1. With the cut-off at 1.5 for a/c, could you classify the range 238-302 from its C-alpha gyration tensor as rounded, prolate or oblate?
2. Provide the packing ranking of 114-124, 290-300, i.e. peptides ordered by the mean count of other C-beta atoms within 10 Å per residue, highest first.
3. Roughly speaking, what is the stretch gain from residue 1 to residue 343, that is 0.36 nm per residue apart minus the C-alpha to C-alpha distance, in nm to one decimal?
4. Express in whole angstrom the spacing between the alpha-carbon centres of the range 61-103 and the range 162-230.
5. So, in nm, how far is label residue 215 from label residue 314 when the simple model puts each one 7 Å beyond its Cα toward the Cβ?
6. Give me the one-decimal Kirkwood hydrodynamic radius in Å for the range 191-248, with the sum taken over alpha-carbon pairs.
7. What are the extents of the Cα atoms of the range 59-165 along their three principal axes, listed from largest to smallest and rounded to whole Å?
8. Once every Cα of the chain carries one equal point scatterer and solvent is ignored, give the base-10 log of I(q)/I(0) from the Debye formula at q = 0.07 Å⁻¹, two decimals.
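Read-outs: derived from the displayed coordinates by stated rules, not from any lab. Note that the structure is predicted; figures quoted are calculated from it, not measured. Cβ coordinates were reconstructed from backbone atoms using ideal geometry, including for glycine residues, and neighbour counts include every protein chain displayed.
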């Protein structure tokens, strides 16, 4: 697949079993990759509920490869891999961003799917007030053998990873290796205030910013002049009615600022989660979060810092635990009995912050330039 921005006015549905089909973007001369832009499709869903029919790329067949592509502005999930017929698919080297739902979801029996070097950011479900747009969501009964390697989630309206399960519909195992999460579940990201406060340009790709600009024609020009003021009045259409921005960012905001949410109350000890060389930082609530689950977990070479709580995993059954580090959580860790987190020296903490900050900034810069970074390691373990 060649080109810069490829307009998509409807869903790309991949349904064939044993397809052995590869959809691969060809890198452009400037280093950028093709964008599958679903803005025309999104326009049909403004102020409305979405569903599986509104997913950008929906895979419910097997043996597909989706590679070297940017998937953006879908009215629901950017990519969804769903169903017991959806197995052995590969998604390497992609960006999923600005979608009106989770960046990439695996669900309902989908099995042995390999997700590698996927970057998921600034996804936000405006209509449902931000509670359904995680970076990644292997949940609601995803099948066995799904793996995430060198995957990153930031600035999404809900969490980084969500593995919520319903009664009798659990996800038996997930493996995360060299994955990182930061700065999710913060409403100011989606109004533009976060970028304004950090002296960044207005991100006009954000769906909520686009709605604000419609309500206030001077918003973008005032922003450029160093003035930030949000319009008043009820103009945001949601599942709770048409509401004010102050409500959307306030009591009505349903985002969940956590990094790795490892299950739900229905995820018991028969369920396993394996995390190696994983990083969680700058989350308002939790870095590694049991999310009311009691799963069996393996944690090796994981780091968490500057979260509301770095490790909130007390009920978990731990089968492996080595080189687990954490520091500067706003509240103390909640750990299983007999487990402890290593606190690096103050010098090491400074070095970790510096290294992580440099890597984070490089990732963001590459993605903003439509350059897919590939497998980038944080090199702090």
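1. oblate
2. Ranked from most to least packed, the peptides come out as 114-124, 290-300.
3. 118.4 nm
4. Going from one Cα centre to the other spans 20 Å.
5. 4.0 nm
6. Numbers: mean 1/r = 0.0851 Å⁻¹.
Radius from the Kirkwood sum: 11.8 Å.
7. Each principal axis gives a Cα extent; for the range 59-165 these are 32, 29, 21 Å.
8. Results for the chain at q = 0.07 Å⁻¹ read -0.29.
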